[in-house]
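Worksheet: one structure, shown below.
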Amino acid sequence: MNIQGVYTALVTPMRNGEVDYDTLRNLVEMQIAGGVAGIVPVGTTGESPTLTYEEHAKVIETVIETANKRCQIIAGTGANCTREAIEMTQAAAADGADGTLQVTPYYNKPTQEGLYRHFSEVADKGGLPVFLYNVPGRSGVAIAESTVARLAKNANVVAIKEAAGSVDRVSAIKDLCGDDITVLSGDDSLTLPMMSVGATGIISVASNIIPAEMSQMVAAFLQGDLATAQKLHAKYYAFFRDQFIETNPIPIKAAMAMAGLIREEYRLPLCELSAASREKLANTMRGCGMIN
């Protein structure tokens, strides 16, 4: 499986309290037109904790059907219950997903041995290539580099999304694993630094609204055109920063609403941006040329 480029951690659009599947299809078309390598439905950015199991499955199914093999679909089917993660992954495999993004089990905070067994079970029984997702700020526990190295020996564990804010972890993982696992940045602002030490792309939040620009930035770096990549990074850096001015995905959904792409709607406990954050985000977007 070729894993490089931009993978969009897609938002889940909502309307009147329900998932807006028509807008979801439009967003998938926008991503494909923007040249992304893949789409990641129902990850953190897709508000997975607030969707019902039925909605979760239908969002994945809708994205797969709409994409129709035009890009990779890496389904967010992680859980803090191993059996549940396996069942959701098997369902996504049956629908035709290309891989699964497996977040570190949250709240129950397993030991490193527990993490190893959890991810191994999903890799062995889920039926899809596994993208590990290291995000200790969300889940409360990190996947140790040594645990990544153990997991990388499983042929079904193919990649890791690094969202711990550490470029050094990319080097550590590559040092331990070599080519046994692919590393993708999990932070838009660290895409180029992480790629400079071995990552091959980004699972991106910003590409929800600028898929073509993010794809161009990553492609330029992969092609050795560092000047173009740096220019695009500099242009959008302020947005990379301010899209996390409040808890993701609140700001990115607000930004997309400002750009006319979706309605700004969330499910509690997520709620709309504060007035001060909204003003700052809008000013940043104007400065980046994203809205008038």
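For region 230-242, a residue qualifies if it is under 16 Å from Ala220 (Cα atoms) and either of a type in the set (A, V, I, L, M) or in contact (Cβ under 8 Å) with a residue 60 or more places away in the chain (or both), and the qualifying residues are Leu232, Ala234. Scanning region 250-283 for residues that are under 17 Å from Asn26 (Cα atoms) and not small (Gly, Ala, Ser) turns up Ile252, Lys253, Met256, Met258, Leu261, Ile262, Arg263, Glu264, Glu265. Evaluated against (1) of a type in the set (D, E, K, R); (2) surrounded by 17 or more Cβ atoms within 10 Å (Cβ to Cβ); (3) in contact with a strand residue (DSSP E or B) (Cβ under 8 Å, 6 or more places away or on another chain), Arg267 falls short on exactly one condition, (2). Ile245 meets each of the listed conditions (1) touching a residue at least 60 places away in the same chain (Cβ under 8 Å); (2) under 24 Å from Ile262 (Cβ atoms); (3) surrounded by fewer than 21 Cβ atoms within 10 Å (Cβ to Cβ) apart from (1). Look at region 55-66: where a residue is over 15 Å from Met14 (Cα atoms) and a partner is among the acidic types (Asp, Glu), sitting 6+ places away or on another chain with Cβ atoms under 6 Å, you get Glu61/Asp95; Ile64/Asp95.
Among the residues making up region 87-128, those that are polar (S, T, N, Q) and in contact (Cβ under 8 Å) with a residue 12 or more places away in the chain are Thr89, Gln90, Thr100, Gln102, Thr104, Asn108, Gln112, Ser120. When each of Val11, Val63, Val6, Val36 is tested for being crowded, with 23+ Cβ neighbours inside 10 Å, more than 30 Å from Ser196 (Cα to Cα) and either within 14 Å of the chain's Cα centre (by Cα) or not polar (S, T, N, Q) (or both), the lone residue that passes is Val63.
Checking each residue in region 27-67 for being more than 17 Å from Gly99 (Cβ to Cβ), part of a loop (DSSP other than H, G, I, E, B) and out of contact with any Lys or Arg (no Cβ under 7 Å at 6 or more places or on another chain) picks out Gly34, Gly35, Leu51, Thr52.
Where a number appears in this text, it was derived from the coordinates with a stated rule and is not lab data. Please read these numbers as outputs of a predicted model, since none were measured by experiment. Ideal geometry is used to build each Cβ from the backbone, glycine not excepted, and the neighbour counts take in all protein chains shown.
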